[in-house]
Each structure stands twice: as C-alpha cells, then as structure tokens.
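Once you've had a glance at the structure underneath, I'll fire off some questions.
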Amino acid sequence: MPHLSRYVAPAGLVIMTLALGLSSFSQTTTHLILSQGLAYGIGAGLVYYPLIVYINEWFVHKRGFALGIMWVRLGKGLYHAGAMQHLMTMNF
C-alpha cells in the first residue's frame, strides 16, 4: 500500500498532536502513559513510516547508506531537541 503513504504522515501528526494535547489533561500516571507513551508512539511511527518506504523506493544501489544517513540525522535531531528542551525549561 505505498500509495497510501502520502496520507500516513499527516494522520500520524494529528495523532501525535492529540496525544500531547490529551496528556495535558491527565489525572493519573496511567492516563499519561497511555497518551504520551502509546498514542504518541503510534503517531511517531506513522510519521516515520513513509520515510522508510520512500528511501527503499528511491535508493536502489546505496540503500543501506541512505538509511544510515536518515537514522543518524534522526538521532542527531532528537538529541538536539532534548538539549533545547532542557535549555528552555531552565531559562523560562
């Protein structure tokens, strides 16, 4: 179903947004785990799914190299997002 991958990322983004919004109304730890842990994780998986599909379609000869670059950049971006979040919470 590669033709549906164009709609998967926006749906994942909506799920991620709803999960973060619902987590602000959490009354218990269980609600927080379900909203941020489960729902946000599913949404993030849906956002990154098209990247893997497109790389497998576009890069035939150096697919492993392209996937390696993608995952390194993803890890680097997540690292910097965490550092920025720490700086923002300490300063604001």
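Output ³J(HN,Hα) for region 78-86: one whole-Hz value per residue in order, computed from phi by the Karplus curve 6.51 cos²θ - 1.76 cosθ + 1.60 with θ = phi - 60°, and x for Gly and Pro.
Those phi angles translate into 5, 4, 5, 5, x, 5, 5, 4, 5 Hz.
Counting only C-alpha contacts under 8 Å and six or more residues apart, can you give the relative contact order of the chain as a whole percent? Walk me through the intermediate numbers first.
Numbers: 59 pairs, mean separation 27.2, N = 92.
Taking the mean separation of contacting Cα pairs over the length of the chain, I get 30 percent.
Let me ask another. For the chain, what % of the accessible area comes from carbon and sulfur atoms, probe 1.4 Å?
Values: 5220 of 7220 Å².
Here it works out to 72 percent.
Keeping all protein chains in place, calculate the accessible area per residue for the chain (probe 1.4 angstrom), answer in Å².
On the way: 7220 Å² over 92 residues.
Ligands and nucleic acids excluded, the figure is 79 Å² per residue.
Given N residues in the chain, what is its alpha carbon radius of gyration divided by 2.2 N^0.38 Å?
Working: Rg = 16.2 Å, N = 92, 2.2 N^0.38 = 12.3 Å.
Cα Rg divided by the expected 2.2 N^0.38 Å: 1.32.
The values are calculated or read from the model by the stated rules, or taken from the named source; none is laboratory data. A quick note: this is a predicted structure, and the numbers were derived from the prediction, not measured. Areas reflect the complete protein model, heavy atoms only, side chains present, ligands, DNA and RNA absent. Shrake-Rupley method; radii C 1.70, N 1.55, O 1.52, S 1.80 Å.
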